[in-house]
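These notes are about the structure you will find just below.
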Amino acid sequence: MTDAVAAHYFDGQTSRLHHVWLQVQDGCAILDGDVQRRCALRELRVSERSRHALRKVTFPDGAYLEVRDRPGFEQLLAASGQRDTLVVRWQQSWRAALLAGGATLALLVSAYLWLLPAAAGWIAASLPPALERQLGDGVLAVFDGRIFGPSTRPRARQQELTAEFGRLLPPRPGAPAWRLLFRHSRIGPNAFALPSGDIVLTDEMVALLQDDLAVMGVLAHELGHLHQRHLSRRIIQSSAIAASTSLLFGDVSSVLTNLPALALDLKYSRDAERDADDYAIAMLNQNGIPLRHLAEAFGKLRQAELLTRPDAVPGPADPYLSTHPGSVERIARIRAAQH
């Protein structure tokens, strides 16, 4: 029989405290004092060791002990063959906790850099065309109701640009089906691709570039987004990141939860833009179109942005706080790729 340890006993039904002594004999816990009780050790649940909290021993019927003699209880457990699990022992070691934290961080970074993009790409490639069409139509309907109006470009001009782009050879097999749509925009020059295969080109973009070959470069860039299913992948990745940050940080507030998701999502967007730039570069080279037209398109877009937003002058952190790579970086990469 082990030495007795003082404890407080609660029956689990009332708040009344009973003073008891706890001993272990022949694989059983034995209580003496205000309450006499005997229970097999295998039927008891012992709380994890903690730096400040009292150890708790729970009986099958919900009654429990609170043991205040921590050293005595530790000796009793050791004498009865009870031992903390590996996880509990790690929790008591700052070195082990630091190592576990570092391993967790490394796992999260690895999942973000490699696992999540690969999984999102696989899921996006598996989406039914009907779902992508529905998603694209929904986005376009919202834009048409808020920022777009009917194009003012003559129908013949729209058909001319569509036919010119249709004659270009894609840089690689498996080019996605596309449809070119023209819109008048309240927010200035723009072009973007939707999961449905629609490429939207605004009148303001055509007027700004004043160069059909530059327009072809912009459309090739958007075709690159379609080829890589960037919007579908971004939606999947953003949803996964938002769910993960909610699990990690808890529902403290929507702001705290959304900030990490936003910061990570911007990185994915910049990668997608570089991929689409590379696709456009390959497509223009394939068709013998000088890359300076694409470089000039980005230069004109940057100038137009500076006219409307003087505060948009890039700073040291610009490439990291933008959804697109820095204009200087993009133009340099395009010119360097000229055959």
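The values are calculated or read from the model by the stated rules, or taken from the named source; none is laboratory data. Quick caveat, the model's predicted, so the values are computed rather than measured. Counting neighbours? That spans all protein chains shown, and the Cβs are built from the backbone with ideal geometry, glycine included. All accessible areas refer to the heavy atoms of the entire protein, side chains included, with ligands and DNA or RNA removed. Shrake-Rupley method; radii C 1.70, N 1.55, O 1.52, S 1.80 Å.
Taking residues in segment 148-169 that are in contact (Cβ under 8 Å) with a residue 60 or more places away in the chain, and partners anywhere that are in a helix (DSSP H, G or I) and surrounded by fewer than 17 Cβ atoms within 10 Å (Cβ to Cβ), the pairs with Cβ atoms closer than 9 Å and at least 6 places apart or on different chains are L168/Q286; L169/Q286. Considering segment 219-248, the residues that are open to solvent by less than 50 Å² (accessible area, probe 1.4 Å), of a type outside the set (G, A, S) and within 18 Å of L140 (Cβ to Cβ) include one that is modelled with the lowest pLDDT, namely H230. Open to solvent by 40 Å² or more (accessible area, probe 1.4 Å) and either among the hydrophobic types (A, V, I, L, M, F, W, C) or in a helix (DSSP H, G or I) (or both), is that true of A214? Judged against the criteria, A214 is not a match. Scanning segment 128-181 for residues that are touching a strand residue (DSSP E or B) at 6+ places or on another chain (Cβ under 8 Å) and loosely packed, with under 14 Cβ neighbours inside 10 Å yields a count of 4.
Take L116 and tell me if it is in contact (Cβ under 8 Å) with a residue 12 or more places away in the chain, in contact with a Pro (Cβ under 9 Å, 6 or more places away or on another chain) and not in a loop (DSSP other than H, G, I, E, B).
Values: in contact (Cβ under 8 Å) with a residue 12 or more places away in the chain: yes; in contact with a Pro (Cβ under 9 Å, 6 or more places away or on another chain): no; not in a loop (DSSP other than H, G, I, E, B): yes.
Against the criterion (in contact (Cβ under 8 Å) with a residue 12 or more places away in the chain, in contact with a Pro (Cβ under 9 Å, 6 or more places away or on another chain) and not in a loop (DSSP other than H, G, I, E, B)), L116 does not qualify.
With the condition kept exactly as written, say whether any residue in segment 275-291 is at pLDDT below 85 and touching a Gly at 6+ places or on another chain (Cβ under 8 Å). Scanning segment 275-291 turns up no residue that is at pLDDT below 85 and touching a Gly at 6+ places or on another chain (Cβ under 8 Å).
Condition check: modelled with pLDDT under 90, more than 52 Å from the chain's Cα centre (by Cα) and at positive phi. Does D26 satisfy that? Considered against the rule, which asks whether it is modelled with pLDDT under 90, more than 52 Å from the chain's Cα centre (by Cα) and at positive phi, D26 comes out as yes. Just to be sure, is D137 part of a helix (DSSP H, G or I), under 19 Å from H225 (Cα atoms) and either at pLDDT below 95 or among the acidic types (D, E) (or both)? When the stated conditions are applied, D137 passes them.
What number of residues within segment 27-54 are farther than 16 Å from S15 by Cα, outside any strand (DSSP E or B) and either of a type in the set (S, T, N, Q) or open to solvent by less than 90 Å² (accessible area, probe 1.4 Å) (or both)? Steps first, answer last, please.
If we filter segment 27-54 for residues that are farther than 16 Å from S15 by Cα, which is where we start, we get 27-33, 36-54.
Okay, now just the ones that are also outside any strand (DSSP E or B), so 27, 36, 41-44, 47-54.
If we keep only those that are either of a type in the set (S, T, N, Q) or open to solvent by less than 90 Å² (accessible area, probe 1.4 Å) (or both) as well, we get 27, 36, 41, 44, 47, 49-50, 53-54.
Number satisfying all stated conditions: 9.
Of the residues making up segment 55-69, those that are surrounded by 15 or more Cβ atoms within 10 Å (Cβ to Cβ) and not aromatic (F, W, Y) number 9. Every condition in (1) more than 30 Å from the chain's Cα centre (by Cα); (2) surrounded by fewer than 11 Cβ atoms within 10 Å (Cβ to Cβ); (3) at pLDDT below 75 is met by W94 except one, and the failing one is (1).
Name every residue in segment 7-20 that is part of a strand (DSSP E or B) and loosely packed, with under 15 Cβ neighbours inside 10 Å, in order of residue number. Spell out how you get there, then give the answer.
Within segment 7-20, the first condition is being part of a strand (DSSP E or B), and the residues that meet it are 7-10, 18-20.
Correct list: H19 only.
Restricting attention to segment 182-199, the residues being part of a strand (DSSP E or B) and either hydroxyl-bearing (S, T, Y) or open to solvent by 50 Å² or more (accessible area, probe 1.4 Å) (or both) number 2.
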